[in-house]
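Novice: Here it is: the structure, laid out below.
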Amino acid sequence: MMEIRILPDARAVAMAAADILVARLATKPGLRIALPAGSTPRPLFAELIRRHREQGLSFAGVTVFGLDEYRGVAPDHPHAFGRFFRDNLLDALDVPEAQIHLMPGDREPAGHVCRLHEARLLADGGLDLAVVGIGANGHIAFNEPAPSLVAGTHVATLSSETLASLPADLHHVTEGLSMGLGSILGARQVLLLATGASKAEVVGHLAQPLISTMLPASMLHVHPDALVLADAEAASHLG
């Protein structure tokens, strides 16, 4: 069952998410976690780095999976998600390189990259925790609204809304590599972060007890342990 928890601001969302992650880490040092890129998780990443540096919190047993990546974009590109993870989180933590599984967007064949990512994901029983964001059109990772959705990691066609939001130097991108909703929902817990007024409308739709592939995030309603952490702005359309 999906729960929506409203918090005052983005920092409060980050603190709550960090508390949940750290609590899981305390019970399972070998935590297997999927993480999102983008502006929403930045405060969470900053808080995890602070706890690592100031409190000695270790991530040495953690295995990290990237949720998605732009197809055709090299890992060192300024807007590659892999670069984002390393610059904003992983380079500051003690996660061993062998336990970091990101999808190289420029490696072909892309289908092989997806199959390898899925195999690694499922190798030790799937995810313990999937931390995800939500797009304004309801997408999770690159699972865009569509008549049907793909369960496993796959090559995804990006929607016009997603394409319109890309930086100018990604004008050539039309596809992404994405963990599928089946893999995400297979996590023992799913944590969705939503901050800012731009997410208010979609969070309002998500709160309705309806499931539709045209609102991919609504699939969280079927998960036994799905929690939405929304700040006051993102929750402003809730009754």
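The values are calculated or read from the model by the stated rules, or taken from the named source; none is laboratory data. Bear in mind the structure is a predicted one, so any value in this text is a computation, not a measurement. All Cβ positions, even for glycine, are placed from backbone atoms using ideal geometry, and neighbour counts span all protein chains on display.
Novice: Among the strands (runs of 3 or more DSSP E) lying completely within region 152-227, list those that include at least 1 residues that are closer than 27 Å to Arg120 by Cβ, acidic (Asp, Glu) and touching a residue at least 12 places away in the same chain (Cβ under 8 Å).
Specialist: Correct list: 175-178.
Novice: When you check Thr195 against the structure, is it β-branched (Val, Ile, Thr) and buried (at least 18 other Cβ atoms within 10 Å of the Cβ), yes or no?
Specialist: So Thr195 fits the description; yes.
Novice: Scan region 49-83 residue by residue and report those that are surrounded by fewer than 23 Cβ atoms within 10 Å (Cβ to Cβ), in a helix (DSSP H, G or I) and touching a residue at least 40 places away in the same chain (Cβ under 8 Å).
Specialist: Ile49, His52
Novice: Sticking with this structure for a sec: Quick check: is even one residue across region 114-123 out of contact with any Leu (no Cβ under 8 Å at 6 or more places or on another chain) and in a loop (DSSP other than H, G, I, E, B)?
Specialist: No - not one qualifying residue is present in region 114-123.
Novice: Turning to a different aspect of this structure: Cβ contacts < 9 Å: first residue touching a residue at least 40 places away in the same chain (Cβ under 8 Å) and over 20 Å from Ala34 (Cβ atoms), restricted to region 8-23; second residue of a type outside the set (Phe, Trp, Tyr) and part of a helix (DSSP H, G or I), any location; separation 6+ or different chain. Result?
Specialist: Ala10/Arg42; Ala10/Pro43
Novice: Could you list, in sequence order, all residues of region 88-114 that are touching a strand residue (DSSP E or B) at 6+ places or on another chain (Cβ under 7 Å) and either among the small types (Gly, Ala, Ser) or over 21 Å from Leu170 (Cβ atoms) (or both)?
Specialist: Result: Leu90, Val95, Gln99, Ile100, His101, Gly105, Ala110, Gly111.
Novice: Quick one: is Ser148 over 30 Å from His112 (Cβ atoms) and not in a strand (DSSP E or B)?
Specialist: Values: over 30 Å from His112 (Cβ atoms): no; not in a strand (DSSP E or B): yes.
So Ser148 fails the test.
Novice: If you go through region 84-102 one residue at a time, how many are surrounded by fewer than 19 Cβ atoms within 10 Å (Cβ to Cβ) and farther than 26 Å from Ala12 by Cα?
Specialist: Looking only at that region, the number is 6.
Novice: Right, here's the next one. Restricting to region 12-48, what's the tally of residues that are outside any helix (DSSP H, G or I) and crowded, with 16+ Cβ neighbours inside 10 Å?
Specialist: The qualifying residues number 9.
Novice: Tell me, yes or no, whether region 58-72 has at least one residue that is over 19 Å from Met179 (Cβ atoms) and either among the charged types (D, E, K, R) or modelled with pLDDT under 95 (or both).
Specialist: no
Novice: I've got another one for you. Tell me yes or no: at least one residue of region 94-102 is at pLDDT 95 or above, of a type in the set (D, E, K, R), farther than 27 Å from Ala234 by Cβ and not in a strand (DSSP E or B).
Specialist: The answer is yes; a qualifying residue exists.
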